[in-house]
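Novice: I'd like to ask some things about the structure below.
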Amino acid sequence: MNKNRLIMNKNRLIKRGISLVLLSSILGLSACEKKLGAEQEAAAVSGSDIVLTTEDNGEESVAIAALGLNANVLPSIEGVTIDGQAEELAPVNLTVGVINSVVKDLQQRLMQLGYMEDDEPTTYYGDATSKAVQYFQRQSGMPMDGITGVSTWDALMSENAPHYAAKLGFQGDDITKIQYRLYNLGYLTESGQINGNFDATTETAVKKLQEVNHLTIDGTVGTATNDLLYSDEVKANIIALGEQSEIVKKYQTRLIALGYLSGDADGNFGLSTQNALRAFQSRNDQVVDGYLGPDTRVILDSDSAKPFGMRLGEQSGDVQNMQKLLVKYGYLSGDKASGYFGELTKEAVLSFQRTNGLTADGMAGAKTLQVLQSGSAKSKPKQSTNRHRNNGNAGAANAGGGGNAPAQANIPSGSGGATVSGSASALISIASSKIGSPYVWGSKGPNAFDCSGFVYWCLNQAGVGTSYMTSSGWRNPGRFKKVGASELQAGDIVVVSGHVGIYAGGGTVIDASSSNGRVVHRSFSGWWSRNFITAWRIFS
């Protein structure tokens, strides 16, 4: 009997509260045998026990735990406490709503095997944990009830426990998400093929994806294939770089009308078209891959497509050209024309828009650029030349820079009352407004999130132009200032192994937590420190 199972069975017994009388009845002990001598009591208190099994089918067999004086079941195992109180030990079956220390071990194992997004393990057995258990049970050929009984626990803790993989015959929400991505990459050709059932059509699509992207062709979505689906390296099976057609010409015309592309529509899918698509996808809540996938085409064809506008958080040659014009008219100092759209650039754009009678939104859209490039734009009034804060907007080396005057951030309680920039304050307020929202793998808001989807949604709501990136993508986004754990400020994006969150100040973080099953505001604990990779300064 392995140690994990032994401890778990102890916990189950104590939860059931089996008394000495019941044990005696089960074992057929005589009246005189029910009495414990001093030596027997000492042995019982020391933790000796007999353990039999309990199956997932609900049929209870018997476990005999160590008994204390007067035949009372011992109140705790190995000194486990919660808030200084002895912990109530685990039931026979771990189900949604259970709070117990053994859930930490369960979650950690699920994360190791890829069934659950990496996170700080907790004592709470929520919906996300139950869903992860269901996926493991599916992989192991067990009934998918999301309940961790003895059979599920033993299989999960086994050295031979299988890692997550989706394959022919499987059904579930995760299959739907995989199919949806395959559809947008062109490997599934019809929306009706997104049905949550890993059928032969899906297997064929996966094999084609693996072939095109030089992976082992087995038709199974294992770790490597799953990681590829949302990576920058994935190659699509749809209209992409190098193609020339009337369809490309049609959407180039639309991108020109929306301000994302300049010149004439020639039907040639070149780098400029790809970059225009990426910019469009970033502003229209799409996965930014530069492909003319079905979702991108639908939004391009719609009246709700958002037009081009350079905004906070972007970095490009177009941004630098716009900054040079702001420098020319006195709204930005010359050393800030770095190509990175930070807070100082946003403030300069706002000032330019107000002076020139434009809608002041801090975004350099078509109308703003038209006036900037007209040659007749109004320069910045001299009396307001020194109103900017000198706190830097030196591009990726000093990302964020400038912006609104410092404001007391609306930061959750416990954050130390730190004063941060207005933009950082807005980001934290937006993140705080979603505390308690459910964690759902692959969700990007507005009512459910996974960790990277939460950061993506909050940044875009705060006006920061950033594309969707997985937690691995956040390891090197390429344009924000990199900071260490000791330098963290409210509004920074914190990246740990397999997870990402928003630093809220005062040693706290807000994130979509798989182990808690919801968006939480919690301590930047030892787990975060131990798994810390980097952090990114969005605002100064």
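Nothing in this text is a laboratory measurement; each read-out follows from the coordinates by a stated rule. The structure displayed is predicted, hence computed values, not measured ones. In this analysis, Cβ positions are derived from the backbone assuming ideal geometry, glycine residues included, and neighbour counts consider all displayed protein chains.
Novice: For region 140-245, what is the relative contact order in percent, using Cα pairs closer than 8 Å and at least 6 residues apart in sequence? List each step's numbers first, then the result.
Specialist: Working: 109 pairs, mean separation 26.7, N = 106.
In percent, rounded to a whole number, it is 25.
Novice: Further question: For the pairs Lys328/Lys434; Lys367/Lys444; Lys131/Lys481; Lys434/Lys481; Lys104/Lys177, note any where the Cα-Cα span goes beyond 32 Å. Intermediate results must be reported in sequence, preceding the final value.
Specialist: Numbers: Lys328/Lys434 42 Å; Lys367/Lys444 30 Å; Lys131/Lys481 37 Å; Lys434/Lys481 26 Å; Lys104/Lys177 27 Å.
Long pairs (Cα-Cα over 32 Å): Lys328/Lys434; Lys131/Lys481.
Novice: Follow-up question, since we're still on this one. Based on the mean of other beta carbon atoms within 10 Å per residue, what is the order of 138-145, 179-186, most packed first? Before the final figure, lay out each step's value.
Specialist: Values: 138-145: 16.0, 179-186: 22.1.
Going by the mean number of other Cβ atoms within 10 Å, highest first, we get 179-186, 138-145.
Novice: Quick one: Karplus J couplings for region 248-258, per residue in order, coefficients 6.51, -1.76, 1.60, θ = phi - 60°, nearest Hz, x for Gly and Pro?
Specialist: 4, 4, 4, 7, 5, 4, 5, 5, 5, 5, 8
Novice: Can I ask one more? Each residue of region 178-186 in turn: what ³J(HN,Hα) in whole Hz from Karplus with 6.51, -1.76, 1.60 and θ = phi - 60°, glycine and Pro shown as x?
Specialist: Rounded to whole hertz, the list is 4, 5, 4, 5, 4, 5, 6, 8, x.
Novice: What order do you get for 188-199, 443-454 when each peptide is scored by the mean count of other beta carbon atoms within 10 Å, highest first? Could the numbers behind the result be given before it?
Specialist: Values: 188-199: 15.9, 443-454: 20.2.
Going by the mean number of other Cβ atoms within 10 Å, highest first, we get 443-454, 188-199.
Novice: Could you list which residues have their amide H under 5 Å from that of Gly222, counting only those 5 or more apart in sequence or on another chain, with H placed in the peptide plane?
Specialist: Ala166
Novice: According to a simple spin-label model (label point 7 Å from Cα along Cα-to-Cβ), what is the distance in nm between Ser497 and Leu241?
Specialist: That separation, rounded to one decimal, is 3.3 nm.
Novice: I need to check one value: relative contact order of region 102-157, counting alpha carbon pairs closer than 8 Å and at least 6 residues apart, in percent. Don't skip to the end; give the middle numbers.
Specialist: Working: 54 pairs, mean separation 17.0, N = 56.
Dividing the mean separation by the residue count of region 102-157 yields 30 percent.
Novice: Hey, another quick one. Quick one: compute the contact order of region 223-276, relative version, from alpha carbon pairs under 8 angstrom and 6+ residues apart, as a percent. Write out the running numbers ahead of the final one.
Specialist: Numbers: 46 pairs, mean separation 19.0, N = 54.
Relative contact order here is 35 percent.
Novice: Additional query: Out of residues 5 or more away from Ile533 or on other chains, whose amide H comes under 5 Å of its own, with H placed 1.01 Å from N in the peptide plane?
Specialist: Here Val495, Val496, Ser497 satisfy the definition.
Novice: Which pairs break 31 Å Cα to Cα here: Lys306/Lys378; Lys207/Lys482; Lys249/Lys380; Lys235/Lys336?
Specialist: With Cα atoms farther than 31 Å apart: Lys207/Lys482; Lys249/Lys380; Lys235/Lys336.
Novice: Based on the mean of other beta carbon atoms within 10 Å per residue, what is the order of 218-230, 367-379, most packed first?
Specialist: Numbers: 218-230: 17.4, 367-379: 14.2.
Answer by packing, highest mean first, reads 218-230, 367-379.
Novice: Using θ = phi - 60° and the Karplus curve 6.51 cos²θ - 1.76 cosθ + 1.60, what whole-Hz ³J(HN,Hα) does each residue of region 445-453 get, with Gly and Pro shown as x?
Specialist: Each residue's phi maps through the Karplus curve to give x, x, 10, 8, 8, 9, 5, 6, x Hz.
Novice: Let me ask something additional. From the square roots a ≥ b ≥ c of the eigenvalues of the alpha-carbon gyration tensor of region 407-537, which class results: rounded (a/c under 1.5), prolate (a/b over b/c), or oblate? Let's see the in-between values first.
Specialist: On the way: a/c = 1.19, a/b = 1.10, b/c = 1.08.
Rounded shape, in that the Cα axes give a/c under 1.5.
Novice: Classify region 462-501 as rounded, prolate or oblate, taking a ≥ b ≥ c as the square roots of the eigenvalues of its Cα gyration tensor: rounded when a/c is under 1.5, otherwise prolate if a/b is larger than b/c and oblate if not.
Specialist: Oblate shape, in that a/c is at least 1.5 and b/c is the bigger or equal ratio.
Novice: Can you list residues from other chains, or at least 5 along the same chain, whose modelled amide H is less than 5 Å from the amide H of Thr508?
Specialist: Phe524
Novice: Pop a pseudo-label 7 angstrom from the Cα along the beta-carbon direction at both Asn197 and His214 and give the gap in nm to one decimal.
Specialist: In this crude label model, Asn197 to His214 measures out at 3.7 nm.
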